[in-house]
Amino acid sequence: MAATRQRRLRSSTVVLGSMGVLAVTITSCGSDPDKRCADRTTRQTLPSSECKKGGSGSYYYGGSSSKGKVDGGSFDKSAVDRGGFGCSAGSGGG
């Protein structure tokens with residue numbers, strides 16, 4: 001009796017764990033890349049309000065920010081590949 005209960009519990013754990021992996025895979029493939037507001041010329045990070053209509057900034061996608069400057073990404077959203085587990089190249093956002 002205890003062996004049956006233990007086996008049933010183990011099966012439930014496997015099913016729940018598999019559902020979690022599936023959920024992460026689905027959400028990571030469709031996610032947009034990180035974006036930061038930055039100046040196109042100097043690549044200095046700016047407050048997000050500067051990227052709203054009429055502001056002087058543009059969104060910089062992907063990459064990272066260090067010492068107040070963005071690097072390793074692009075101002076062109078389509079040039080940044082989000083990728084992720086189970087995603088083919090170029091399938092992320094657009």
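Any read-out appearing in this document is the output of simple, stated calculations on the displayed coordinates, not a laboratory observation. In this text, all values refer to a predicted model and were calculated from it rather than measured experimentally. We place every Cβ from the backbone using ideal geometry, glycine too, and count neighbours over all the protein chains shown.
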Query raised in the report: So, in nm, how far is label Arg40 from label Asp76 when the simple model puts each one 7 Å beyond its Cα toward the Cβ?
Result: 1.3
Query - Difference of contour (0.36 nm per residue) and Cα-Cα distance, Ser66 to Ser48 - result: 4.8 nm
Query raised in the report: Under a straight-distance cross-link criterion of Cα-Cα below 16 Å, which aspartates and glutamates are reachable from Lys77, leaving out those fewer than 8 residues away in the same chain?
Result: Asp32, Asp34, Asp39
